[in-house]
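No value in this document is a laboratory result; all are computed from the given coordinates. Quick caveat, the model's predicted, so the values are computed rather than measured. As a convention, Cβ positions derive from the backbone with ideal geometry for all residues, glycine included, and neighbour counts pool all protein chains shown.
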Amino acid sequence: MRKCAMMVLMAVLLGILCGCAAKPADPESHAVVVGFSQLGAESSWRIANTKSVEAAAREYGFGLMTENANQKQEKQIDAIRSFIAYQVDVIVFSPIVETGWDNVLNEAKQADIPVILVDRMIASENADALYTAYIGADFYAEGCRAGEYLIRKADHDHLEHVRIAEISGTPDSTPMRDRQRGFLDTIQGDSRFEVIDSISGDFLRSKGEECMTFLLGKYGRDGIDAVYSHNDSMTLGALSVLERNGIEPARDILLITVDGEKEAVDALKAGKINCVVQCTPDLGDEVMQLVQDLKAGKEIPRVTHPKEGAFSDLDDLTDPSVEGF
Ligand code: AHR
């Protein structure tokens with residue numbers, strides 16, 4: 001199977017070199033070629049997610065064409081167009097933002113190539129017609145978990161007034177929108193909480209540092225009680241700024257983060273982060289299973305959410321299930 005996939009890939013590459021976009025030869029082999037448009041490499045989460053998809057494609061014996069868009073929507077659109085030209089069997093695609101995909105996804109539809117959205121969603125009046133399935137986290141539930149932790153913490157520590165600064169992810173992306181909405185909906189109406197600011201760190205560690213520096217400059221060390229950050233990369237950046245300024249993370253300023261990479265879970269265990277909401281990057285196996293089922297003509301679920309939870313300083317952190325990716 002693996003050999004077949006390699007042959008198919010070589011045929012595809014040859015097609016590219018010749019400037020012709022032919023369907024890979026050898027239909028007898030039942031080989032499947034997947035075009036994977038990854039949005040970038042902005043975080044450890046993203047890098048782990050790319051590896052997961054690549055490893056699963058190998059395991060399933062599928063040919064995989066990966067294009068990494070380096071955070072640029074235009075590059076993702078180009079990648080999808082090239083997959084259409086090569087007539088891949090399935091397009092797997094992680095949209096950097098929710099809007100602006102109608103034209104290219106309509107082109108995929110016209111070419112009769114099914115599209116599986118992975119990790120992030122699209123938004124359009126016509127969205128339902130533009131993809132076959134979505135697999136990824138329930139980001140709204142993740143935001144709720146972050147808010148629920150803060151409520152538990154305030155109850156536990158008898159906190160009366162918590163001034164929260166939010167460091168959000170890429171504007172217009174699904175995790176940014178839904179993690180924010182879930183969090184705000186959960187703490188809404190509880191007069192102990194006040195969101196004093198929300199700025200975007202684009203899911204990048206370097207920007208997490210910049211955001212924290214900006215927030216400290218604006219509000220001072222005594223003006224912020226909690227930081228809700230939409231991913232671990234930004235949180236780890238913010239954490240280093242706190243430490244450099246002699247501020248004890250997780251004590252002087254509460255830190256709530258999302259993802260669950262090893263470095264963040266280790267920081268939680270070391271008492272430097274208060275809560276880590278899980279978001280698994282290991283979506284590859286389930287994606288390839290969907291591809292396989294689709295090619296076998298089976299009905300596949302429209303939406304698949306992996307099972308996720310949260311770890312915090314109010315839980316037993318010695319439990320073996322508390323580990324990062
Ligand atoms: O879409 C998932 C988010 O994107 C992860 O939380 C973040 O780390 C990544 O960049």
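Taking the fewest neighbouring Cβ atoms within 10 Å as the starting point, the ordered list for Leu283, Leu314 is Leu314, Leu283. Among Met121, Met288, a tally of other beta-carbon atoms within 10 Å of each Cβ gives an order, fewest to most, of Met121, Met288.
Label 7 Å along Cα→Cβ of Glu248; the stretch 293-325 residues with amide nitrogen under 20 Å? In the stretch 293-325, the label zone of Glu248 (backbone N under 20 Å from the point 7 Å along Cα→Cβ) covers 312-315, 317. Here the gap between Asn103 and Ala55, fully extended at 0.36 nm per residue and compared with their Cα-Cα distance, gives a gain of 14.2 nm. Count Lys and Arg as plus one, Asp and Glu as minus one, and take only other residues whose Cβ is under 10 Å from that of Pro175; the net charge is then -1.
Extension gain for Thr66 to Thr213 (0.36 nm times residue separation, less C-alpha to C-alpha distance): 49.3 nm. Length gained on full extension, Ala123 to Asp319, computed as 0.36 nm times the residue gap minus the Cα-Cα distance: 66.6 nm. Consider a paramagnetic label point 7 Å from the Cα of Ser240 along Cα→Cβ; state which residues of the stretch 36-66 have an amide N under 16 Å from it. The answer is 42-45.
From the alpha carbon centroid of the stretch 35-49 to that of the stretch 270-307 is 14 Å. In whole percent, what relative contact order does the chain give with Cα contacts below 8 Å and a gap of six or more residues? Worked out over the chain, it gives 16 percent.
Mind jotting down the distance between the C-alpha centroids of the stretch 157-187 and the stretch 208-234, whole Å? Measuring centre to centre over Cα atoms gives 13 Å. If amide H atoms are built 1.01 Å from N in the plane of the peptide, which residues on other chains or at least 5 residues away come under 5 Å of the amide H of Val162? Long-range HN contacts for Val162: Phe193, Glu194. A simple charge model with +1 on the Cβ of Lys and Arg, -1 on the Cβ of Asp and Glu and nothing else charged puts the dipole of the stretch 147-192 at about 80 debye relative to its Cα centre.
For a modelled paramagnetic label at Ala41, 7 Å from Cα along Cα-to-Cβ, the residues of the stretch 51-66 in reach, with backbone nitrogen under 17 Å, are 51-55, 65-66. Each Lys or Arg adds one and each Asp or Glu takes one away; over the other residues whose Cβ falls under 11 Å from the Cβ of Glu323, this sums to -1.
The order of Leu216, Leu239, Leu268, going from fewest to most other C-beta atoms within 10 Å of their C-beta, is Leu216, Leu268, Leu239. In percent, rounded to a whole number, the relative contact order of the stretch 148-214 is 40, using alpha-carbon pairs under 8 Å and six or more apart. Taking the Cα-to-Cβ direction at Asp78 and at Arg181 and moving 7 Å from each Cα, how far apart do the two end points lie in nm? If labels sit at Asp78 and Arg181, their model points lie 3.2 nm apart. When you restrict to C-alpha pairs under 8 Å that are six or more residues apart and normalise by the size of the stretch 65-168, the relative contact order lands at 20 percent. Counting only alpha carbon atoms, the long axis of helix 205-219 and the longest principal axis of the chain meet at about 30°.
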